[in-house]
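Just below is one structure, and these are the notes that go with it.
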Amino acid sequence: MNLRRGRFLAPSLFTLGNMACGFYALLSIQRDEFVPAATAILLGMAFDSLDGRVARFVHGESTFGVEFDSLSDFLTFGIAPAHMMYAFILKDYGVWGYPMAFVYALCGALRLARFNAGVHDHVGSKTSFTGLPIPGGAGFLASFVLLYQIIEQGRPARTWAFLMNQVPALYGLAPAMVLIIAFLMISTIPYPAFKKSSFLRPRSVWLPPLLVFAAAIIFIYPQNAIFLIFFAYVLMGPVGWMLGLARRALRRAPPPSPDGV
């Protein structure tokens, strides 16, 4: 019995860490400390990625774990980013700031509810997600806040000049970014899950050099690299979806006639 309880407790501890990060982010936002808030959201992603893996490793999956994980995710990746973007930018848009922040939180809740319904009905794919995962959306917004704080606090020596020159324009597009991320979460656009990718298997010859290269880039240009990673992931869904539409349209297109008419 104790062993069985331990199997269920182990992943819940990581879920608890995720929830603690979300609560700390909210406290930091109340003090207008946006760098700690954004960092806590990203740290919550690390805990969130571990709780499921630990549950599968110790065979501790449970309905309680699924629900507890979703509640933690809603706090850390739904409420905290919405409040952060409101306090950081959206409040400057007057009466429109609140509904924009609320739409993000609402879409995050709907995304998690749809995911949970699929889990309970044993519907879903191990290779892709339906819609942008809520941690991906929260990670994009948190990484943007960290990137903008470079300008607020003075640019450090190690940044990518081209990217930093685009940050003021991105700041002006913040309302659009929040709404686009929100609607991508509730869309049916598939996003890769990277759970079954042979490219990321431990025996893949490409994995060690890839990890070393990624670690070096993140170490040298942390805010720049993290933002680009999340930006690339957000784009993967719509770009892949449009490419899929184009391929299907080409397959349905009638072949050219032999006489060229």
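Hey, among the residues in the stretch 18-41 that are surrounded by fewer than 19 Cβ atoms within 10 Å (Cβ to Cβ) and of a type in the set (A, V, I, L, M), which one's farthest from His83 (Cα to Cα)?
By that ranking, first place goes to Ala20.
Within the set of pairs 6 or more residues apart or between chains, which connect a residue that is of a type in the set (S, T, N, Q) and surrounded by fewer than 19 Cβ atoms within 10 Å (Cβ to Cβ) inside the stretch 43-64 to a residue that is in a helix (DSSP H, G or I) and modelled with pLDDT under 70 with Cβ atoms less than 7 Å apart?
Ser62/Phe8
Looking at the stretch 8-51, which of its residues are farther than 16 Å from Ser143 by Cα and of a type in the set (Asp, Glu)?
Answer for the stretch 8-51, where residues must be farther than 16 Å from Ser143 by Cα and of a type in the set (Asp, Glu): Asp32, Asp48, Asp51.
If you go through the stretch 216-231 one residue at a time, do you hit one that is in a helix (DSSP H, G or I), surrounded by fewer than 16 Cβ atoms within 10 Å (Cβ to Cβ) and touching a helix residue (DSSP H, G or I) at 6+ places or on another chain (Cβ under 6 Å)?
Yes, the conditions are met somewhere in the stretch 216-231.
Kindly indicate which of Ile134, Ile186, Ile181, Ile151 is surrounded by 13 or more Cβ atoms within 10 Å (Cβ to Cβ) and over 22 Å from Leu235 (Cα atoms). Can you show your working first?
Numbers: Ile134 fails: over 22 Å from Leu235 (Cα atoms); Ile186 fails: over 22 Å from Leu235 (Cα atoms); Ile181 fails: over 22 Å from Leu235 (Cα atoms).
Result: Ile151 is the single residue among Ile134, Ile186, Ile181, Ile151 that is surrounded by 13 or more Cβ atoms within 10 Å (Cβ to Cβ) and over 22 Å from Leu235 (Cα atoms).
So is Leu250 surrounded by fewer than 16 Cβ atoms within 10 Å (Cβ to Cβ), modelled with pLDDT of 90 or more and part of a helix (DSSP H, G or I) or not?
Values: surrounded by fewer than 16 Cβ atoms within 10 Å (Cβ to Cβ): yes; modelled with pLDDT of 90 or more: no; part of a helix (DSSP H, G or I): yes.
Against the criterion (surrounded by fewer than 16 Cβ atoms within 10 Å (Cβ to Cβ), modelled with pLDDT of 90 or more and part of a helix (DSSP H, G or I)), Leu250 does not qualify.
On the given criteria, is Thr159 at pLDDT below 90, outside any helix (DSSP H, G or I) and either touching a Gly at 6+ places or on another chain (Cβ under 6 Å) or not charged (D, E, K, R) (or both)?
Details: at pLDDT below 90: yes; outside any helix (DSSP H, G or I): yes; either touching a Gly at 6+ places or on another chain (Cβ under 6 Å) or not charged (D, E, K, R) (or both): yes.
Against the criterion (at pLDDT below 90, outside any helix (DSSP H, G or I) and either touching a Gly at 6+ places or on another chain (Cβ under 6 Å) or not charged (D, E, K, R) (or both)), Thr159 qualifies.
Among the residues of the stretch 181-200, are any in a loop (DSSP other than H, G, I, E, B), at pLDDT 80 or above, under 20 Å from Leu42 (Cα atoms) and out of contact with any helix residue (DSSP H, G or I) (no Cβ under 8 Å at 6 or more places or on another chain)? If you could, list the steps in order and put the result at the bottom.
Filtering the stretch 181-200 for residues in a loop (DSSP other than H, G, I, E, B) gives 186-189, 193-197.
Then drop every residue that is not at pLDDT 80 or above, which leaves 186-189, 193.
Filter once more, so that each one left must be under 20 Å from Leu42 (Cα atoms): 193.
Next cut, out of contact with any helix residue (DSSP H, G or I) (no Cβ under 8 Å at 6 or more places or on another chain) only: 193.
Yes; the residues of the stretch 181-200 include at least one that is in a loop (DSSP other than H, G, I, E, B), at pLDDT 80 or above, under 20 Å from Leu42 (Cα atoms) and out of contact with any helix residue (DSSP H, G or I) (no Cβ under 8 Å at 6 or more places or on another chain).
Every residue, every condition in (1) out of contact with any Cys (no Cβ under 7 Å at 6 or more places or on another chain); (2) modelled with pLDDT under 95, yes or no:
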{"residue": "Leu43", "(1), (2)": "no, no"}
{"residue": "Phe47", "(1), (2)": "no, yes"}
{"residue": "Ser70", "(1), (2)": "yes, yes"}
{"residue": "Phe74", "(1), (2)": "yes, no"}
{"residue": "Phe77", "(1), (2)": "yes, no"}
{"residue": "Pro81", "(1), (2)": "yes, no"}
{"residue": "Asp92", "(1), (2)": "yes, yes"}
{"residue": "Val95", "(1), (2)": "yes, yes"}
{"residue": "Ala109", "(1), (2)": "yes, no"}
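The values are calculated or read from the model by the stated rules, or taken from the named source; none is laboratory data. Computed from a predicted structure; not experimentally measured. Positions of Cβ are generated from backbone atoms using ideal geometry, with glycine treated the same way; all protein chains shown enter the neighbour counts.
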